[in-house]
Structures are given as structure tokens and as C-alpha cells.
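As C-alpha cells, the structure follows; a few thoughts come after it.
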Amino acid sequence: MKKSFIKKQFKKLLQEEEYRAASNEEVYTVGIIASYEISKWLKIEDEVEKILTLGNIRIYSYRPFSKSNVSSYKYFSEKDFNWKGEPKKTAFKDFIDEPHDLLIGYFNKRNIYLENAVLHSKAKFKVGFSKVNQELYDLEIAEFPTNIESFLLELKKYLVVLGKLKN
């Protein structure tokens, strides 16, 4: 029931978000929202730091709730959203409310909790994989998540063209 209500709220917020203007500011801070499956295999933060030559990077990964999971500031689950779909865990809420210059949605499959986190984010410029949800992002890149270097090189190219990153 909670999931269906979150989906309704998500659609409503997405319509309100439709007129959000992307920032023209240069990128200094990066937030990453990723799926647990991807973040456990790839060192996304290290690659972003190396390829985009940025140092202020924070990541939060979604992993489905399990009583056996140890609570961590690096992960969020469906239990970290209230019945309205708003983040309720303090550290996660702080991450979402931080106005990152760039937010990377590093997941390529639809997931209401990952998409909801991206939608609620106060980031100034949002980037993600194509074919997930084009209404969420200011820029979409067609790539496979396992090709992290290719994804980030393409992202860097666009950020330089847009004047958000120095070459």
C-alpha cells in the first residue's frame, strides 16, 4: 500500500517538477544515487574523482530492506521514506536536501525508491541513464552501467560544452 501511494505522490511531484530550470553554474560538488547491485561492484566515487577531476563527492545507494542489514549512512531502503514518499532518515534527508552542483543517478532500471530520491534531490543539475525516466534528468546518457569510464567520459564532454566543467 505504501509503495502505491508513493507512486501516486511521485507522479504528482513529477508534474510539478516539470518546469525546473537547470543551473548554469560550474560543478564543484557531486552527489551520486546508485543501486546497491551497481555500487557493490563498481567504485563509482573513485572513477568520478579520477575522470571528472572533482573531489567533493558523496554517494548513497539503495538496497532493499532486510532485518539482517546493518544500518549505514551509505545506504537507504524503502523504510527510509514515509508514507508520502518523503525521506525520513536524517542523514539521507540531509543528502537529498544538499544542493549538489551535479547529481548522478547511477542506475539503469526503473525503481520507485531510486527515482523518488532523484526527484526529491535539491541538486542543481541531474544526470542519469537514458530509458530510466527522462522526466527526472537534465541530461541523459545512453550507456551500460558497467561501462563507467565511457559514461563518465561522455558526461565530462557534455559538462565541458555546457561550461559546467573546465577542460
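The values are calculated or read from the model by the stated rules, or taken from the named source; none is laboratory data. Everything numeric in this text was worked out from a predicted model, so none of it was measured. Every residue, glycine among them, receives a Cβ derived from its backbone with ideal geometry; neighbour counts consider all protein chains shown. The protein model used for the area step is the full one, side chains on, heavy atoms only, and it has no ligands, DNA or RNA in it. Shrake-Rupley method; radii C 1.70, N 1.55, O 1.52, S 1.80 Å.
Heads up, I need the accessible area for residue 78: 1.4 angstrom probe, whole protein in place, Å², nearest 10.
Rounded to the nearest 10, that gives 40 Å².
With the calculation restricted to Cα positions, what are the radius of gyration and Dmax of the chain in angstrom?
Just the Cα atoms of the chain yield Rg and Dmax of 15.2, 48 Å.
Rounded to the nearest percent, how much of the accessible area of the chain (1.4 Å probe, protein heavy atoms only) is carbon and sulfur?
Carbon and sulfur together cover 51 percent of it.
With every protein chain kept in place and ligands, DNA and RNA left out, what is the accessible area per residue of the chain? Probe 1.4 Å, answer in Å².
Normalised by residue count, the accessible surface of the chain is 56 Å².
Rounded to the nearest 500, what is the chain's calculated 222 nm mean residue ellipticity when only DSSP H runs of at least 4 contribute -39500 (n - 2.57) each, over all residues?
Taken over the chain, the calculation gives -10500 deg cm²/dmol.
Once you put a point 7 Å from the Cα of residue 74 and another 7 Å from the Cα of residue 88, both along the Cβ direction, what distance in nm separates them?
2.6
Applying a 10 Å radius around every beta-carbon, put 96-107, 120-131 in order of their mean neighbour count, most first.
96-107, 120-131
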